[in-house]
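**Student:** Below are the structure tokens for one structure; questions will follow.
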Amino acid sequence: MAIDILMPALSPTMEQGKLAKWLKKEGDKVKPGDVLAEIETDKATMEVEAIDEGVLAKILVSDGTDNVAVNTPIAVLAGEGEDMSTAASSAKAPAAPAPEAQPAPTPDMEREGMADRPSAGARTDSDRPFAEPAAPSIIQTRSSHDAMAEIPEGTEMVSMTVREALRDAMAEEMRRDENVFVMGEEVAEYQGAYKVTQGLLQEFGARRVVDTPITEHGFAGVGVGAAFTGLRPIVEFMTFNFAMQAIDHIINSAAKTLYMSGGQLGAPVVFRGPNGAAARVGAQHSHDYSAWYSNVPGLKVIAPYSASDAKGLLKSAIRDPNPIIFLENEILYGQSFPVPKLDDFTVPIGKARIHREGKDVTIVSFSIGMTYALKAAQELEKEGIQAEVIDLRTIRPMDTDTIVASVMKTGRCVTVEEGFPQSGIGAEIAARIMEHAFDYLDAPVIRVTGKDVPMPYAANLEKLALPNVGEVVQAVKAVCYR
Amino acid sequence: MAVAARKAGRAGSGAANKPNSNKAPAKNAASNSPQFDKDQDLSAYNEMLLIRRFEEKSGQMYGMGLIGGFCHLYIGQEAVVVGMQMATIEGDQVITGYRDHGHMLACGMDPKGVMAELTGRRGGLSKGKGGSMHMFSKEKHFYGGHGIVGAQVSLGTGLAFANHYRENGNVSLTYFGDGAANQGQVYESFNMAALWKLPAVYVIENNRYAMGTSVSRASAQTDFSKRGLSFGIPGEQVDGMDVRAVYAAGQRAIEHARTGKGPYILEMQTYRYRGHSMSDPAKYRTKDEVARMREEFDPIEQVRRRLLESWKLSEDELKAIDSRVREIVNEAAEFATHDPEPDPSELYTDILL
Ligand SMILES: Cc1ncc(C[n+]2csc(CCOP(=O)(O)OP(=O)(O)O)c2C)c(N)n1
Ligand SMILES: [Mg+2]
């Protein structure tokens, strides 16, 4: 029987690729393991291997074709003893190349398989707002941070991915300060497991871009020790899941030493890498640790959403004299955002940003949680609810003023995060609002979070485990009594 | 015939699997490579071919979008787990990292259940909740399937601790990579295992690379068999592409551990043909290097040649084995493609007892 050879996907997010070159021609005998063709994606060139034995009867997609969609038949293999011409003619007409992908200005959640995850139904009781707000508290005047002022008026903006923005931030700081260096697994020769350190080895050499063995606890300690002497290490964790191997040095060595030494010895180190869920990588590779680090005095914790915040905050983090946890997100790496074209653009640590103004409800989120928050705000707009969306950007120290000022205006708040509900960032925000703006609340704060379960692998369960836009919309309506 | 041989090789029931049958005359072999008899070669061939074909199918299914996330294939390393497994007895435990499909098949876990876990379906060995890197079978004494590099070394030492505690005569086999061998907990474990004379065999699968990092770029001591020296743990370097050498070394190591002499380290010199996982640009090694390993050292081809030349099997007989193996793999793929996803209610089960 003739077998269609399909365009393979070589990564979870690949949708199309270029068929660069055929290494076999029509009529060639192939056996399993033979390399048939080379394909190119934005990340790399890869090989298509034969799975079955037979004769390459017909090539359907020729050398050099761009944008071949995954699963398109690219050739037909005739089985042993089968007539090649029959096999070839049984082939379907070559599929038209997929349309050119449009770079999305903000994360396209549908593409990431994240839009409209069905509600897990666990939310119904907590939807009911409770009694009227009661006891008065001391009201102070609050003012929110003006993030617009971070970028001078008239500044040219360029479109850039989060990945590029992070790389540029490191490169600029390494040019500026000889004490800054990068270390971690696969950061140098491999150009970064997620290509965030691409090109740094070429520019700065192996002394300042250091490949480490797989020894997280060891190299985190090495980073902290070097920082004690005044060097400024950027320690990359391939993902923050693996930083659990190093948690002792992060907490006991980095966060506490300044205090224990009576202010003599600080550790100006940045621990950075992707945090939280990627796609279909299971429980041990999908944990959002924001709340863990948020709990510890002596650390600053940053979790940007946009490329310009990623760049400006990473530069500030590298210059900061304290240990910083810089939480990135793998799904955001490839997303493009406008970034100011400035020689030295920094964003202050500890300041939230009002991403979208609104009068009816405040939605507070950070990192990838912003994608749900912003989509929900768009949907709510259609129903006449004006949501104000605050991007925390820094989790510790938390910009309570900006949150409280907004809640004083709207009287309602929903928090959004992918992490677990108990002792999460949403719980912290709710407590602060209760402490500082109790009298202004018209409804209890509702948290939209990842479900209280380890991340499952199955596609349907993974969708259920993560928050979704529908849940945010539902929570907002609940606090608005709609 | 092929079918019978396959059965003999599974689940530790064949003569070749009994540790004391000692049919491979490791010590009295004429050549310096230990010899296999026909049954052992047939059994090893079946087991290795099953892993090879299963992994090729997994790669194909990944390409079709049926498998998500990470998927680490074992192609090229088949002789390691198959040879070691031949040297075990019922009750010996196995634990490994994320490159685990081969280990599970060699432990006799159902190919359908493994494949359905790769596709995240309810018939998967973890009900679809674990994925490629996380499967377990108490029945087959397979303790995972771990995603954190190096974690299995302490856990495997714990399995040995339990054997020692219970005095049950079993040994744990802990598999880990050349990259994992640099993690600190490995040496903490070595120390405890040697201190308490635990029945632990550490199998370091040195496939020369940890992701994109070659051994010499990550390791000050590249002879992994020496990694236990300061704790007094004996070790050997083994040709991990020759299933007979693996089996013979496995017997020595397991015997040492089982007789109360403490842990043993085997460095298996092997090679992975495919990328680290499915999306690996593979710029860190040359195509020639990969091609040479496949052509000159392929573990399955070595046995195939012996079956043809020494044991005078015909091409047709080998074809019959191949079709039988393909059938098992196709059935697994078929099942894994059509089995439904887990019920949504499974989201909240198995969190606590
Ligand atoms: C603690 C930890 N750090 C990093 C990783 C990412 N990672 C997964 S596999 C791997 C390479 C391991 O190589 P090796 O131990 O040689 O095993 P192989 O993949 O060659 O089988 C790395 C760095 C991880 N999963 N866990
Ligand atoms: Mg390796």
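**Student:** So which residues in region A:206-216 are aliphatic (A, V, I, L, M) and more than 10 Å from chain B (Cβ to nearest Cβ)? Steps first, please.
**Tutor:** Residues of region A:206-216 that are aliphatic (A, V, I, L, M), as a first pass: A:206, A:209-210, A:214.
Answer for region A:206-216, where residues must be aliphatic (A, V, I, L, M) and more than 10 Å from chain B (Cβ to nearest Cβ): A:A206, A:V209, A:V210.
**Student:** Here's a follow-up. Would you be able to say whether some residue in region A:155-173 is assigned by TED's automatic domain parsing to the domain that holds A:L313, within 19 Å of A:R319 (Cα to Cα), away from ligand 2 (no atom under 16 Å from the Cβ) and among the polar types (S, T, N, Q)?
**Tutor:** no
**Student:** Would you check if there is a residue in region A:167-175 being over 24 Å from the mean Cα position of the chain (by Cα) and modelled with pLDDT of 95 or more?
**Tutor:** The answer is yes, given that some residue of region A:167-175 is over 24 Å from the mean Cα position of the chain (by Cα) and modelled with pLDDT of 95 or more.
**Student:** Hey, does region B:172-181 have a residue that's in a helix (DSSP H, G or I), under 24 Å from A:N241 (Cα atoms) and within 16 Å of ligand 2 (Cβ to nearest atom)? Step through it out loud before you land on a result.
**Tutor:** Restricting attention to region B:172-181, the residues satisfying the condition of being in a helix (DSSP H, G or I) are B:180-181.
Of the ones still in play, those that are also under 24 Å from A:N241 (Cα atoms) are B:180-181.
Still in the list and also within 16 Å of ligand 2 (Cβ to nearest atom): B:180-181.
Scanning region B:172-181, I find at least one residue that is in a helix (DSSP H, G or I), under 24 Å from A:N241 (Cα atoms) and within 16 Å of ligand 2 (Cβ to nearest atom), so the answer is yes.
**Student:** When you check A:F366 against the structure, is it assigned by TED's automatic domain parsing to the domain that holds A:I433, crowded, with 20+ Cβ neighbours inside 10 Å and modelled with pLDDT of 95 or more, yes or no?
**Tutor:** Yes: the conditions hold for A:F366.
**Student:** Taking region B:305-316 only, how many residues are part of a helix (DSSP H, G or I) and surrounded by fewer than 17 Cβ atoms within 10 Å (Cβ to Cβ)?
**Tutor:** Residues flagged as part of a helix (DSSP H, G or I) and surrounded by fewer than 17 Cβ atoms within 10 Å (Cβ to Cβ) within region B:305-316 amount to 5.
**Student:** Look at A:D320 and say whether it is crowded, with 24+ Cβ neighbours inside 10 Å, among the acidic types (D, E) and either at pLDDT below 95 or not assigned by TED's automatic domain parsing to the domain that holds A:A431 (or both).
**Tutor:** Considered against the rule, which asks whether it is crowded, with 24+ Cβ neighbours inside 10 Å, among the acidic types (D, E) and either at pLDDT below 95 or not assigned by TED's automatic domain parsing to the domain that holds A:A431 (or both), A:D320 comes out as no.
**Student:** With the condition being more than 14 Å from chain B (Cβ to nearest Cβ) and within 16 Å of ligand 1 (Cβ to nearest atom), I'd like the strands (runs of 3 or more DSSP E) fully within region A:217-322 carrying at least 1 qualifying residues.
**Tutor:** Strands (runs of 3 or more DSSP E) meeting the threshold: A:232-236, A:270-274.
**Student:** What's the total number of residues in region B:49-91 that are within 11 Å of the chain's Cα centre (by Cα), in a helix (DSSP H, G or I) and within 14 Å of another protein chain (Cβ to nearest Cβ)?
**Tutor:** Selection size over region B:49-91: 2.
**Student:** Kindly establish whether A:D288 is crowded, with 20+ Cβ neighbours inside 10 Å, over 27 Å from B:I148 (Cβ atoms) and acidic (D, E).
**Tutor:** no
**Student:** Please work out which residue is surrounded by the fewest Cβ atoms within 10 Å (Cβ to Cβ), limiting yourself to region B:148-189 and to residues that are small (G, A, S) and touching a residue at least 60 places away in the same chain (Cβ under 8 Å).
**Tutor:** Out of the qualifying residues, it is B:G169.
**Student:** Which residue out of B:E301, B:E236, B:E289 is surrounded by fewer than 21 Cβ atoms within 10 Å (Cβ to Cβ), within 13 Å of chain A (Cβ to nearest Cβ) and of a type in the set (D, E)?
**Tutor:** None of the others qualify; the one that does is B:E301.
**Student:** Next question, about the same structure. I need a count of the residues in region A:380-430 that are among the aliphatic types (A, V, I, L, M) and in a helix (DSSP H, G or I).
**Tutor:** 10
**Student:** Going by the structure shown, is A:T161 away from chain B (no Cβ under 14 Å), out of contact with any strand residue (DSSP E or B) (no Cβ under 9 Å at 6 or more places or on another chain) and surrounded by fewer than 21 Cβ atoms within 10 Å (Cβ to Cβ)?
**Tutor:** Judged against the criteria, A:T161 is not a match.
**Student:** Within region A:35-81, how many residues turn out to be over 24 Å from A:A193 (Cα atoms), more than 10 Å from chain B (Cβ to nearest Cβ) and either crowded, with 16+ Cβ neighbours inside 10 Å or within 29 Å of the chain's Cα centre (by Cα) (or both)?
**Tutor:** 22
**Student:** Right, B:S132: within 16 Å of ligand 1 (Cβ to nearest atom), part of a helix (DSSP H, G or I) and of a type outside the set (D, E, K, R) or not?
**Tutor:** no
**Student:** If I go through region B:145-185 residue by residue, how many of them are within 14 Å of chain A (Cβ to nearest Cβ) and closer than 26 Å to B:S126 by Cβ?
**Tutor:** Count: 17.
**Student:** Looking only at region A:407-460, count how many residues are within 14 Å of another protein chain (Cβ to nearest Cβ) and of a type in the set (A, V, I, L, M).
**Tutor:** Residues flagged as within 14 Å of another protein chain (Cβ to nearest Cβ) and of a type in the set (A, V, I, L, M) within region A:407-460 amount to 4.
**Student:** Here is a further query. Report, by residue number, each residue of region A:375-403 that is surrounded by 24 or more Cβ atoms within 10 Å (Cβ to Cβ) and under 18 Å from the mean Cα position of the chain (by Cα).
**Tutor:** A:I390, A:D391, A:L392, A:R393, A:T394, A:I395
**Student:** Let me ask something additional. Scanning region B:256-286 for residues that are buried (at least 20 other Cβ atoms within 10 Å of the Cβ) and more than 16 Å from ligand 1 (Cβ to nearest atom), which turns out nearest to the other protein chains (Cβ to nearest Cβ)?
**Tutor:** Taking the candidates together, the pick is B:P263.
The values are calculated or read from the model by the stated rules, or taken from the named source; none is laboratory data. On a predicted model such as this, the values are computed, not experimentally measured, just so you know. Neighbour counts run over all protein chains shown; Cβ positions are idealised from the backbone, glycine included.
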